[in-house]
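So the structure is just underneath, and the comments pick up after that.
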Amino acid sequence: MKRTAAAIGAAFLVAGGQVAQAQQQLVYTVVVPAGQFGSANFLKEIVRSLATLKAFCGELSDASYRVDCLSERLAAVSEDIPEGTDYDEVRSILQDTSAKLERLTLDNRDRAKGRINVSSAQQGGDATARPLVAVDAARQDAVNQQAEAILEEARTVLLRSAGSTLRRSQYTRIAQAIDSSKVLLRS
């Protein structure tokens, strides 16, 4: 996972009696070791991100945007999983689930409601990377049931593809985090 922090610090240079400020860029990389199947810390980060997804989408007062919120947040979590690691399969499953939820939303959108950008009410909280689409009120219950089925499918695929004991343990925790977000669709 690479993060760039522009202008993290400033270096002061003295040239001919003048003080100039030069900005530096800091890049850090989190390494997820291969072969031992991931790391406990990275697993905690994925599970925390999935729990945050539930809290973020749960803040929406208009439930018609929740399916698309889940889609957008799953995409954001998957983007934070680095390629070429033991978590490639998890990233792929999250991307696939996100795409299915987005398609479901677009196929059942409420054309009378506009798209909205959402930011967390918490200071320094997340914001959606794209505007969210509302689901038509007449189809909301059916869409929520289909969205639950999509999340259940993701959970099942994760559990079936686990393999080794360590991997099974980690995939089970990720699957449980995905499963817990289904409660948003029942309220």
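Considering each residue of the stretch 109-135, count those that are without any contact (Cβ under 8 Å) to a residue 40 or more places away in the chain and either on the phi > 0 side of the Ramachandran plot or buried (at least 16 other Cβ atoms within 10 Å of the Cβ) (or both), and give that number. Walk me through how you get there before you give the answer.
Applying the first criterion (without any contact (Cβ under 8 Å) to a residue 40 or more places away in the chain) to the stretch 109-135 yields 109, 111-112, 114-115, 117, 119, 122-124, 127, 131.
Now drop any that are not either on the phi > 0 side of the Ramachandran plot or buried (at least 16 other Cβ atoms within 10 Å of the Cβ) (or both), which leaves 109, 124.
Summing the residues that are without any contact (Cβ under 8 Å) to a residue 40 or more places away in the chain and either on the phi > 0 side of the Ramachandran plot or buried (at least 16 other Cβ atoms within 10 Å of the Cβ) (or both) in the stretch 109-135 gives 2.
Every residue, every condition in (1) farther than 17 Å from Lys54 by Cα; (2) touching an Asp or Glu at 6+ places or on another chain (Cβ under 6 Å); (3) among the aromatic types (Phe, Trp, Tyr); (4) assigned by TED's automatic domain parsing to the domain that holds Tyr87, yes or no:
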site: Thr105; (1), (2), (3), (4): yes, yes, no, yes
site: Arg111; (1), (2), (3), (4): yes, no, no, yes
site: Ala137; (1), (2), (3), (4): yes, no, no, yes
site: Glu148; (1), (2), (3), (4): no, no, no, yes
site: Arg160; (1), (2), (3), (4): yes, no, no, yes
site: Ser164; (1), (2), (3), (4): yes, no, no, yes
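Do we have any residue at all in the stretch 107-114 that's farther than 16 Å from Asp96 by Cβ, within 21 Å of the chain's Cα centre (by Cα) and of a type in the set (A, V, I, L, M)?
No, there is no match, as no residue in the stretch 107-114 is farther than 16 Å from Asp96 by Cβ, within 21 Å of the chain's Cα centre (by Cα) and of a type in the set (A, V, I, L, M).
Taking the stretch 33-77 as the search range and keeping residues that are outside any helix (DSSP H, G or I) and within 21 Å of Leu158 (Cβ to Cβ), which one is modelled with the highest pLDDT? Full working, then the answer.
Our first condition is that a residue be outside any helix (DSSP H, G or I); within the stretch 33-77, this holds for 33-39, 59-62.
If we keep only those that are within 21 Å of Leu158 (Cβ to Cβ) too, we end up with 33-39.
Numbers: Pro33: 48, Ala34: 48, Gly35: 46, Gln36: 47, Phe37: 51, Gly38: 63, Ser39: 75.
Among those residues, the one meeting the criterion is Ser39.
Looking at Arg167, is it in contact with a Gly (Cβ under 9 Å, 6 or more places away or on another chain) and either free of Cβ contacts under 8 Å to residues at least 24 places away in the same chain or not in a strand (DSSP E or B) (or both)? Steps first, answer last, please.
Values: in contact with a Gly (Cβ under 9 Å, 6 or more places away or on another chain): yes; either free of Cβ contacts under 8 Å to residues at least 24 places away in the same chain or not in a strand (DSSP E or B) (or both): yes.
Yes, satisfied.
Could you grab the pairs with beta carbons closer than 6 Å, sequence gap of 6+ or different chains, first residue in the stretch 140-158 and touching a residue at least 60 places away in the same chain (Cβ under 8 Å), second one small (Gly, Ala, Ser) and assigned to a helix (DSSP H, G or I)?
Listed by first residue and then by second, the contacts come to Leu158/Ala175.
Return the total of residues in the stretch 150-173 being surrounded by 14 or more Cβ atoms within 10 Å (Cβ to Cβ) and over 16 Å from Tyr87 (Cα atoms).
Count: 4.
Give the residue that is nearest to the chain's Cα centre (by Cα), with candidates limited to residues of the stretch 78-91 that are assigned to a helix (DSSP H, G or I) and surrounded by fewer than 22 Cβ atoms within 10 Å (Cβ to Cβ). Step through it out loud before you land on a result.
Applying the first criterion (assigned to a helix (DSSP H, G or I)) to the stretch 78-91 yields 78-79, 88-91.
Adding the requirement that they be surrounded by fewer than 22 Cβ atoms within 10 Å (Cβ to Cβ) leaves 78-79, 88-89, 91.
Numbers: Ser78: 6, Glu79: 7, Asp88: 15, Glu89: 15, Arg91: 10 Å.
Per the criteria, the residue is Ser78.
Identify the residue in the stretch 52-69 that is hydrophobic (A, V, I, L, M, F, W, C) and under 14 Å from Ser120 (Cα atoms) and, among all such residues, is farthest from the chain's Cα centre (by Cα). Steps first, answer last, please.
We begin by selecting, within the stretch 52-69, every residue hydrophobic (A, V, I, L, M, F, W, C); these are 53, 55-57, 60, 63, 67, 69.
Still in the list and also under 14 Å from Ser120 (Cα atoms): 53, 55-57, 60, 69.
Values: Leu53: 6, Ala55: 12, Phe56: 10, Cys57: 11, Leu60: 16, Cys69: 10 Å.
That would be Leu60.
Take the residues in the stretch 55-67 that are surrounded by 19 or more Cβ atoms within 10 Å (Cβ to Cβ) and not small (Gly, Ala, Ser), then tell me which one is nearest to Ile116 (Cα to Cα).
Restricting to residues being surrounded by 19 or more Cβ atoms within 10 Å (Cβ to Cβ) and not small (Gly, Ala, Ser), the top hit is Tyr65.
For the subset of the stretch 78-118 comprising residues that are hydrophobic (A, V, I, L, M, F, W, C) and under 16 Å from Asp62 (Cα atoms), which member is modelled with the highest pLDDT?
Step one: list which residues in the stretch 78-118 are hydrophobic (A, V, I, L, M, F, W, C), which gives 81, 90, 93-94, 99, 101, 104, 106, 112, 116, 118.
Checking the rest, the ones that are also under 16 Å from Asp62 (Cα atoms) come to 112, 116, 118.
On the way: Ala112: 94, Ile116: 86, Val118: 84.
Filtering the stretch 78-118 for residues that are hydrophobic (A, V, I, L, M, F, W, C) and under 16 Å from Asp62 (Cα atoms), the one modelled with the highest pLDDT comes out as Ala112.
Looking at the stretch 133-142 only, could you name the residues that are assigned to a helix (DSSP H, G or I) and within 17 Å of Ile116 (Cβ to Cβ)? Show your work before the answer.
Initially, the stretch 133-142 is screened for residues assigned to a helix (DSSP H, G or I), giving 137-142.
Across the stretch 133-142, the qualifying residues are Ala137, Gln140.
Of these, Ala147, Ala112, Ala162, Ala75, which one is of a type outside the set (S, T, N, Q) and closer than 21 Å to Ser39 by Cα? Give the derivation first.
Details: Ala147 fails: closer than 21 Å to Ser39 by Cα; Ala112 fails: closer than 21 Å to Ser39 by Cα; Ala75 fails: closer than 21 Å to Ser39 by Cα.
Going through Ala147, Ala112, Ala162, Ala75 in turn, the sole match is Ala162.
Being touching a residue at least 24 places away in the same chain (Cβ under 8 Å) and surrounded by fewer than 14 Cβ atoms within 10 Å (Cβ to Cβ) narrows it down to one residue among Leu70, Leu94, Leu74, Leu106; which is it? Full working, then the answer.
On the way: Leu70 fails: surrounded by fewer than 14 Cβ atoms within 10 Å (Cβ to Cβ); Leu94 fails: surrounded by fewer than 14 Cβ atoms within 10 Å (Cβ to Cβ); Leu74 fails: surrounded by fewer than 14 Cβ atoms within 10 Å (Cβ to Cβ).
Exactly one of Leu70, Leu94, Leu74, Leu106 is touching a residue at least 24 places away in the same chain (Cβ under 8 Å) and surrounded by fewer than 14 Cβ atoms within 10 Å (Cβ to Cβ), namely Leu106.
The values are calculated or read from the model by the stated rules, or taken from the named source; none is laboratory data. Worth saying up front: this structure is predicted, and the values here are computed from it rather than measured. Please note: Cβ atoms are built from the backbone with ideal geometry, for glycine as well, and neighbour counts cover all protein chains shown.
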